[in-house]
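**Student:** Pasting in a structure now, in structure tokens, and then I'll have a few things to ask.
The values are calculated or read from the model by the stated rules, or taken from the named source; none is laboratory data. Everything numeric here is computed off the predicted structure, so don't read it as measured data. Positions of Cβ are generated from backbone atoms using ideal geometry, with glycine treated the same way; all protein chains shown enter the neighbour counts. Ligands, DNA and RNA are excluded from the accessible area calculation, which covers all protein heavy atoms including side chains. Shrake-Rupley method; radii C 1.70, N 1.55, O 1.52, S 1.80 Å.
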Amino acid sequence: MLIGMTSEPEQQIGVGTPDAFQRLWTPHRMAYIQGQDKPSGPGAEDGCPFCSIPAKSDEDGLVVARGERVYAVLNLYPYNGGHLMVVPYRHVADYTELDGPETAELADFTKRAMAALRAASGAHGFNIGMNQGSVAGAGIAAHLHQHLVPRWGGDTNFMPVIGHTKVLPQLLGDTRKMLADAWPTG
């Protein structure tokens, strides 16, 4: 223990009633909370990050794989290590707006993403889904994207449950390379 430090909770004037929660300050998430780089409107020309990512290198855009109609990209604010999204290149907001080939490739990329995550990280299961519209929780509602969150037995351990802290053991760039290397071809 550092000199002058105590493990006992301290009351700080002006911060409210003491509770059992420890605080992990994550100021980098403020960009997401405040909507930095969030589209300013519904169109592709309104600053949509999902429209600008394909023009970047795979490394700079955190792109794991590219198809003809969709691409797989890591989530900048992951729920778990390896959390990625499958995104159509075409700027559409709703799943029903996808055409047949886009729907088929989105499904194929979902399968490939699952295979890559299993091969690269031994994922035991997945949460897969789309939030359609702002009221359903879509952070970027103007451009459809499907989340794939890998899960492992025990990944809801004491850190998130008791410590209210999520541990991500790998940098996003390293995760991108690992998954890109494990991405199934054909």
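**Student:** Express in Å², to the nearest 10, the accessible area of Asp46 obtained by rolling a 1.4 Å probe over the protein heavy atoms while all chains stay in place.
**Tutor:** Near enough 40 Å² of accessible area.
**Student:** Near Leu179, within a Cβ-to-Cβ distance under 12 Å, what is the net charge of the other residues, with Lys and Arg +1 and Asp and Glu -1?
**Tutor:** Every neighbour counted, the sum reads +1.
**Student:** Excluding ligands and nucleic acids, what accessible area in Å² is computed for Arg66 using a 1.4 Å probe, to the nearest 10?
**Tutor:** Near enough 90 Å² of accessible area.
**Student:** Counting only the heavy atoms of the protein chains, how much of Val70 is accessible to a 1.4 Å probe, in Å² to the nearest 10?
**Tutor:** Looks like 0 Å² after rounding.
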